[in-house]
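Engineer: Take a look at the following structure, please.
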Amino acid sequence: MFSSTNVSKEFVVNNRRSTKLKIIPYIGCKAGFSYIFDEILPAEFDNHLYDIFGGGGSFAFYACARYGAKRVTYNDNNPVVVNLIQHLQCEPHKLWSLYNEHYKQSSEQHFYDVRTQNLESGVDGAANFLYLAKNAFSGKIRFNRKNRFNSSVRKHSRCPKLDLGDLLQLSETIQELTIVNKDYTEFSAVTNALVYLDPPYFNNSNRHYNSVIDLQEFNRFLRTIETNNKIVLSEQNEPAVFGLPDSYSVCLVILKRSLQYVTQSQSREMIAFNF
Ligand SMILES: C[S@@+](CC[C@H](N)C(=O)[O-])C[C@H]1O[C@@H](n2cnc3c(N)ncnc32)[C@H](O)[C@@H]1O
């Protein structure tokens, strides 16, 4: 577990902070981190920003709202989440009406039926995944190695309504966002940008994502891009495992009632940045 050595600042994140810059609950979601980003990111930034392990999109959405979507790239290697973000951007009305059909039919049986259907292409796939994500047990979205969504249904609660106005507003915010579906290593030539890195937690046996990342390979990637970019890194492990040079400041983030660890009252991670 993360020790407090060399920590320059401590932040507390409470899941209950509400934000409209969010579409689904997601394991490792950083929607509650916006006040941290407000504090650590440069007030003015004229270059490009990359959210390379984008997941539910919270950093990319934040960056679009703060710096303008034209300057932002969202990436994730999971085509299911990427397809949702793409259709949030280009077909929000249709996405909403298909979700509403699920809302009307929602039941345990319906959830498991939808789980067997297409989740990764077209607006139908996006609405199917949106429905599953919003009705998964404890908001825990999980994929197996074959990239099949395998969370169970949240019991004894009603399907949440989706507010059309909020959806349209978020869609508007990300209209000019660049959305890609690549492996993170394909971004090693990026320069003069701000790169947010929120990889799947290393050394964590809770397997929520479709793949795991090799720490040595990630560190080689980090060494390559950190010389020519502003880096922000979120992680649960000690900063030492990343061999971070002295140019980084490390802050401790205490997560209260985090989605990742609903069974614990709090967990901790770090946010490190080199500017
Ligand atoms: C901790 S989550 C990111 C959560 C995100 N910041 C949010 O607020 O929702 C890590 C993400 O990395 C993605 N991922 C895993 N391996 C990857 C790879 N090799 N390249 C790109 N993305 C990857 C996973 O699909 C997952 O969405």
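Engineer: Once the Cα atoms of helix 215-226 and of the chain are each reduced to a long axis, what angle between those two axes, in degrees from 0 to 90 to the nearest 10, is obtained?
Structural biologist: 70 degrees
Engineer: Right, something else. Determine the share of region 46-233's accessible area contributed by carbon and sulfur atoms, expressed in whole percent, with a 1.4 angstrom probe.
Structural biologist: Working: 3730 of 8440 Å².
Its accessible area is 44 percent carbon and sulfur atoms.
Engineer: I've got another one for you. How would you classify region 46-233 from its alpha-carbon gyration tensor, with a ≥ b ≥ c the square roots of the eigenvalues: rounded for a/c under 1.5, else prolate if a/b is greater than b/c, otherwise oblate? Provide the component values of the computation, followed by the final result.
Structural biologist: Values: a/c = 2.49, a/b = 1.45, b/c = 1.72.
Oblate is the answer for region 46-233, as a/c is 1.5 or above yet b/c matches or exceeds a/b.
Engineer: Let me ask you something else. Tell me the angle of helix 92-105 to the major Cα principal axis of the chain, expressed in degrees between 0 and 90 and rounded to the nearest ten.
Structural biologist: 60 degrees
Engineer: Farthest toward the dipole's positive end in region 46-233, which of Ala60, Pro79, Gln105, given Cβ charges of +1 (Lys, Arg) and -1 (Asp, Glu) about the Cα centre?
Structural biologist: Gln105
Engineer: Which GluC sites (Glu not before Pro) in region 112-206 sit in a loop by DSSP (not H, G, I, E or B) and have at most 15 other Cβ atoms within 10 Å of their own Cβ? Mind showing how you got there, number by number?
Structural biologist: On the way: sites: Glu120, Glu172, Glu176, Glu186; in loops: Glu120, Glu176.
Sites meeting the loop and neighbour criteria: Glu176.
Engineer: Ok, one more. If you plug each phi of region 77-90 into the Karplus form 6.51 cos²θ - 1.76 cosθ + 1.60 with θ = phi - 60°, what whole-Hz ³J(HN,Hα) values come out, in order, with x for Gly and Pro?
Structural biologist: Here the 3J(HN,Hα) series is 7, 8, x, 5, 6, 4, 4, 5, 5, 4, 7, 4, 6, 9 Hz.
Engineer: Any idea of the accessible area per residue across region 75-115, 1.4 Å probe, to the nearest Å²? Mind dumping the intermediate values first?
Structural biologist: Details: 1770 Å² over 41 residues.
For region 75-115, the per-residue accessible area is 43 Å².
Engineer: Kindly express, to the nearest 10 degrees and within the range 0 to 90, the angle between helix 122-134's C-alpha long axis and the longest C-alpha principal axis of the chain.
Structural biologist: 80 degrees
Engineer: If you add up the charges near Glu217, with Lys and Arg at +1 and Asp and Glu at -1, over every other residue whose beta carbon is less than 14 angstrom from its beta carbon, what do you get?
Structural biologist: Numbers: positive: Arg220, Arg223; negative: Asp183, Glu186, Asp214.
Result for the local shell: -1.
Engineer: For Val195, which sequence-distant residues (separation of 5 or more, or a different chain) have an amide H within less than 5 Å of its own amide H, given hydrogens modelled in the peptide plane?
Structural biologist: It is Tyr50, Lys230, Ile231, Val232, by chain and number.
Engineer: Would you mind calculating the relative contact order of the chain from Cα pairs under 8 angstrom and at least 6 residues apart, reporting the percent as a whole number? Don't jump to the answer; show the numbers that get you there.
Structural biologist: Values: 514 pairs, mean separation 72.1, N = 275.
Once normalised by length, the contact order is 26 percent.
Engineer: For labels at Asn47 and Ser8 in the simple 7 Å Cα→Cβ model, what's the distance in nm?
Structural biologist: Once both label points are built, they end up 1.8 nm from each other.
Engineer: Within a Cβ distance under 11 Å of Thr173, other residues only, what is the Lys/Arg minus Asp/Glu net charge? Intermediate results must be reported in sequence, preceding the final value.
Structural biologist: Details: positive: Lys20, Arg66; negative: Asp166, Glu172, Glu176.
For residues surrounding Thr173, the net value is -1.
Engineer: Separate question: Stretched out fully, how many nm does the piece from Lys155 to Ser107 gain, at 0.36 nm a residue minus the Cα gap? Please report the intermediate quantities before stating the final value.
Structural biologist: Details: separation 48, 0.36 × 48 = 17.28 nm, distance 0.95 nm.
Here the segment from Lys155 to Ser107 would lengthen by 16.3 nm.
Engineer: Residues with amide H under 5 Å of Val13's amide H, sequence separation 5 or more or different chain, H placed in the peptide plane at 1.01 Å from N; which?
Structural biologist: Under 5 Å from the amide H of Val13: Ile254, Leu255, Lys256.
Engineer: Longest exposed-loop-site-free stretch of the chain, with trypsin sites (Lys or Arg not before Pro), DSSP loop and at most 16 other Cβ within 10 Å? Mind dumping the intermediate values first?
Structural biologist: On the way: sites that count: Arg16, Arg17, Lys20, Arg145, Lys146, Arg148, Lys155, Arg158, Lys161, Lys182, Arg207, Arg257.
Free of exposed loop sites, the longest segment is 21-144.
Engineer: Run the helix sum for the chain: -39,500 (n - 2.57) per DSSP H stretch of 4+ residues, divided by residue count, reported at 222 nm to the nearest 500 deg cm²/dmol. Mind dumping the intermediate values first?
Structural biologist: Numbers: 8 runs with 86 residues, N = 275.
The helix-only estimate for the chain comes to -9500 deg cm²/dmol at 222 nm.
Engineer: Follow-up question, since we're still on this one. Which order do the peptides 193-201, 57-65 come out in when sorted by mean C-beta neighbours inside 10 angstrom, highest first? Could the numbers behind the result be given before it?
Structural biologist: Numbers: 193-201: 21.6, 57-65: 26.4.
Taking the mean over residues of other Cβ atoms within 10 Å, the ranking is 57-65, 193-201.
Engineer: Please compare each pair in Lys20/Lys146; Lys9/Lys70; Lys9/Lys155; Lys30/Lys104; Lys9/Lys161; Lys104/Lys140 to a cut-off of 28 Å on the Cα-Cα distance and tell me which ones are over it. If you can, show how the numbers build up before the last one.
Structural biologist: Numbers: Lys20/Lys146 32 Å; Lys9/Lys70 31 Å; Lys9/Lys155 39 Å; Lys30/Lys104 30 Å; Lys9/Lys161 38 Å; Lys104/Lys140 22 Å.
The answer is Lys20/Lys146; Lys9/Lys70; Lys9/Lys155; Lys30/Lys104; Lys9/Lys161.
Engineer: Sort Ser171, Ser188 by accessible area with a 1.4 Å probe, largest first.
Structural biologist: Largest to smallest exposure gives the sequence Ser188, Ser171.
Engineer: Let me ask you something else. Using θ = phi - 60° and the Karplus relation 6.51 cos²θ - 1.76 cosθ + 1.60, list the HN-Hα couplings for region 26-35 in order, rounded to whole Hz, with x at every Gly or Pro.
Structural biologist: Karplus-based 3J(HN,Hα) across region 26-35 equals 8, 5, x, 4, 10, 4, x, 8, 4, 6 Hz.
The values are calculated or read from the model by the stated rules, or taken from the named source; none is laboratory data. Please read these numbers as outputs of a predicted model, since none were measured by experiment. Here Cβ is always computed from backbone atoms with ideal geometry, including for glycine, and neighbour counts include all displayed protein chains. Note: areas computed on protein heavy atoms with side chains; ligands, DNA, RNA excluded. Shrake-Rupley method; radii C 1.70, N 1.55, O 1.52, S 1.80 Å.
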